[in-house]
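Q: Submitted below is the structure of interest, expressed as C-alpha cells.
The values are calculated or read from the model by the stated rules, or taken from the named source; none is laboratory data. Owing to the predicted nature of the structure, the values given are computational and were not obtained by experimental measurement. Every residue, glycine as well, gets a Cβ built from its backbone with ideal geometry; the counts of neighbours run over all protein chains shown. Ligands, DNA and RNA are excluded from the accessible area calculation, which covers all protein heavy atoms including side chains. Shrake-Rupley method; radii C 1.70, N 1.55, O 1.52, S 1.80 Å.
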Amino acid sequence: MKIEKITPRIGATITGIDVTRPLSTGEIEAISDALNANGVIFFPGQPKLSGEEQRAFGGQFGTIEAPPKLTKESELRDVLILDFTRPVGSGTDIWHNDASYLACPPMGSILQAHILPECGGDTCFASMHAAYEALPADMKAMIDHKTASHSTGRVLELTRSLGNPVYDDEETLAPRSHPIVTLDPRTGRRRLFVNPNYTDSIDGMSKAESDRQLAFLYDHIKSPEFQMRYRWSVGDIAFWDNHAVQHYAVADYTTRRRMQRVTLAGYAPVGIGATDVEMVPA
Ligand code: SIN
C-alpha cells in the first residue's frame, strides 16, 4: 500500500489496495491512521462497487448507518445515491459536514464516482483543524467554549422546493447544539465545527451578532490554505473524517453526475473542557 500526501494540511491518495477484498488488520490500521492524519483519503481507479460491496468496504471502519433523508433511486436504505444533472441548489454545493444536526453526526462518509460529466463536478475539502489553528487568538477565545445550534431547516426548504422526498422524523428535525470547537477523540486536536448548511446560530448571542460571527468563520474556512480540490475519475473513492473536514461539491456541470455514498455512524462532538473523557491537550 502506498500513501501520498496531496497537500501538507489535507488529503492523501492510497494506491496498491483492492477495496473489493477484505482488508487485513494492518491495512485497516494504516488506512485509519492516514484518514486521521490527512482528513480525507482517496482510492483512485477502483472497480465500481455495488451498494453491498461499498457497505462491506465501509463496514471495516465502523457501522454503516442509513442517511437521515430518503434516498433517491436506491434499493438499499443505507446507500445514498447523489444523482444530478442540475446540481445548483442541491445542498451539496454549500460547505458542510454531513448531518451535523444529528446528536451523533456521522464519523465519516465514503463516496464513489459512478457517472461523471466530461468536465467539472470536482469536490473541494477543507481541514477544520487547519482552519481553527489559523484563527486570530481573540476569535479562538470568543468561540472556544461556546455552542451553536444545528438543524435541517435551510436544506429541507431547498429539498422541498426541488420536489425531492423528505424523511420527516423528530430525530432528524430537532435542532441540536454542539460545541463550536470540538476535540479529535484520538488526539485532542481542536477543530471548528460550524457549517453554512446546517448551523443556524451561536447559542446565547443575538441573531445579528451570531450572523456576523458565523459569516466571519465561513469566510475564514474558504481559504485555499486549508483546502484541496479533487478531480474525479469513474471508480475513485473518497473517504473523509466528517468531524474534521467540510466538503463542497462544485455545481459547475450540466450533464449527469452519479455518486454512491455510505455513511459511518458517528459520535457526539466533545468540546474543550469536557471532563468525562481523557484528552491530550491541543
Ligand atoms: C456530499 O455532499 O456528500 C456529496 C459530495 C459530492 O457529491 O461530491
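Q: If you count only protein heavy atoms and use a 1.4 Å probe, how large is the accessible surface of LEU162, to the nearest 10 Å²?
A: Solvent-accessible area, nearest 10 Å²: 90 Å².
Q: Give, as a single signed number, the net charge of other residues whose beta carbon lies under 12 Å from the beta carbon of LEU264, with Lys and Arg counted +1 and Asp and Glu -1.
A: Numbers: positive: ARG55, ARG261; negative: GLU65, ASP78, ASP98, ASP241.
Overall, the nearby charge balance is -2.
Q: Please give the contour-minus-distance gain from THR85 to LYS5: 0.36 nm per residue of separation, less the Cα-Cα distance, rounded to one decimal in nm. Don't jump to the answer; show the numbers that get you there.
A: Values: separation 80, 0.36 × 80 = 28.80 nm, distance 3.14 nm.
Difference between extended and current length: 25.7 nm.
Q: With every protein chain left in place and a probe of 1.4 Å, what is the accessible surface of ARG212, to the nearest 10 Å²?
A: 150
Q: Separate question: Starting from the Cα of ALA268, move 7 Å in the Cα-to-Cβ direction to define the label point; list residues of the range 90-106 whose amide nitrogen is under 19 Å from there.
A: Backbone N within reach: 99-106.
Q: Number of Lys pairs in the chain with C-alpha atoms less than 22 angstrom apart, excluding same-chain neighbours closer than eight positions?
A: Details: LYS2/LYS48; LYS5/LYS222; LYS48/LYS72; LYS140/LYS207; LYS140/LYS222; LYS146/LYS207; LYS146/LYS222.
Going through the chain pair by pair, I get 7.
Q: Hey, another quick one. With a 1.4 Å probe and all protein chains left in place, how much accessible area per residue does the chain have, in Å²?
A: On the way: 12300 Å² over 282 residues.
Result: 44 Å² of accessible area for each residue.
Q: Extending each Cα 7 Å along its Cβ direction at ALA141 and GLU209, get the distance between those two points in nm, one decimal.
A: If labels sit at ALA141 and GLU209, their model points lie 1.6 nm apart.
Q: Can you tell me the relative contact order of the range 1-128? Whole percent, Cα pairs under 8 Å, sequence separation 6 or more. Before the final figure, lay out the partial values.
A: Values: 106 pairs, mean separation 25.8, N = 128.
Taking the mean separation of contacting Cα pairs over the length of the range 1-128, I get 20 percent.
Q: Please list PHE239, PHE61 from largest to smallest accessible area, probe radius 1.4 Å, with all protein chains kept in place.
A: Working: PHE239 0, PHE61 30 Å².
Result of the area sort, largest leading: PHE61, PHE239.
Q: Nothing charged except the Cβ atoms of Lys and Arg (+1) and of Asp and Glu (-1): what's the magnitude of the dipole of the range 82-168 about its Cα centre? Round to the nearest 20 debye.
A: Details: 5 positive and 10 negative charges, 43 e Å.
Dipole of the range 82-168, to the nearest 20 debye: 200 debye.
Q: Suppose every Lys and Arg Cβ carries +1 and every Asp and Glu Cβ carries -1, with no other charges. What dipole size does the range 2-264 come out with about its Cα centre, to the nearest 20 debye?
A: 380
Q: Packing-wise, with mean Cβ within 10 Å as the measure, how do 104-114, 201-211 rank, highest first? Provide the component values of the computation, followed by the final result.
A: Details: 104-114: 22.1, 201-211: 14.2.
Averaged packing, sorted descending, gives the order 104-114, 201-211.
Q: Counting only the heavy atoms of the protein chains, how much of ARG160 is accessible to a 1.4 Å probe, in Å² to the nearest 10?
A: Using a 1.4 Å probe on the heavy atoms, I get roughly 130 Å².
Q: Moving on to the next point. Run the dipole for the range 222-275 about the Cα centre, Lys and Arg Cβ at +1, Asp and Glu Cβ at -1, nothing else charged, and hand back the magnitude in debye, nearest 20. Walk me through the intermediate numbers first.
A: Working: 7 positive and 4 negative charges, 63 e Å.
Here the range 222-275 has a charge dipole of around 300 debye.
Q: Taking every pair of alpha-carbon atoms in the range 119-265, what share in percent sits in each 10 Å bin, from 0 to the bin with the longest distance?
A: Going out from 0 Å in 10 Å bins, the range 119-265 shows 9, 34, 37, 18, 2 percent.
Q: Continuing with the same structure: Quick check: at a probe of 1.4 Å, how many percent of the accessible area of the chain sits on carbon and sulfur atoms?
A: Numbers: 6490 of 12300 Å².
Of all accessible area on the chain, carbon and sulfur atoms account for 53 percent.
Q: Rounded to the nearest 500 deg cm²/dmol, what is the calculated helix-only ellipticity per residue at 222 nm for the chain, with -39500 (n - 2.57) per DSSP H run of length n ≥ 4?
A: Details: 7 runs with 63 residues, N = 282.
My calculation for the chain gives -6500 deg cm²/dmol from helical runs alone.
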